[in-house]
């Protein structure tokens, strides 16, 4: 993985974390791009293990742009096709995982 991609993942992770309660244990963003209306579902687990979900009206434009940037960079680097659905998982301690599917 290139340093440029690492920077893109870090940027996306920070955008997602900014939507969550500070100090969360795990955050999960699920969604789909390339639909009539892109969809996103953001949930997280707080330090007290309570579960939370971002309201549907949460601002996701920057997150969507970051995801599209990552997707296009992956296509340019021949790291796969132009995926549509995704799951991003963040965990306390800096863990980042992006899973994609057509």
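The values are calculated or read from the model by the stated rules, or taken from the named source; none is laboratory data. Please read all numbers here as calculations on a predicted model, not as lab measurements. Methodologically, a virtual Cβ is constructed for each residue, glycine included, from the backbone with ideal geometry; neighbour enumeration extends over all protein chains shown.
Of all residues in region 29-44 being surrounded by fewer than 18 Cβ atoms within 10 Å (Cβ to Cβ) and in contact with a strand residue (DSSP E or B) (Cβ under 7 Å, 6 or more places away or on another chain), which is modelled with the lowest pLDDT? So, considering only residues that are surrounded by fewer than 18 Cβ atoms within 10 Å (Cβ to Cβ) and in contact with a strand residue (DSSP E or B) (Cβ under 7 Å, 6 or more places away or on another chain), the one modelled with the lowest pLDDT is 38.
In region 1-28, the residues that are within 14 Å of residue 60 (Cβ to Cβ) form Cβ pairs under 6 Å with partners that are in a helix (DSSP H, G or I), at six or more places apart or across chains, as follows: 12/66; 15/62; 15/63; 15/66; 27/16.
Being surrounded by fewer than 17 Cβ atoms within 10 Å (Cβ to Cβ), assigned to a loop (DSSP other than H, G, I, E, B) and at negative phi is the filter here, so list the residues in region 2-24 that pass it. Within region 2-24, 2, 21, 22 meet the criteria.
The one condition from (1) touching a strand residue (DSSP E or B) at 6+ places or on another chain (Cβ under 9 Å); (2) without any contact (Cβ under 8 Å) to a residue 60 or more places away in the chain that residue 47 does not meet is (1). Here residue 93 fulfils each of the conditions (1) surrounded by 15 or more Cβ atoms within 10 Å (Cβ to Cβ); (2) closer than 15 Å to residue 13 by Cα; (3) over 12 Å from the mean Cα position of the chain (by Cα) apart from (1).
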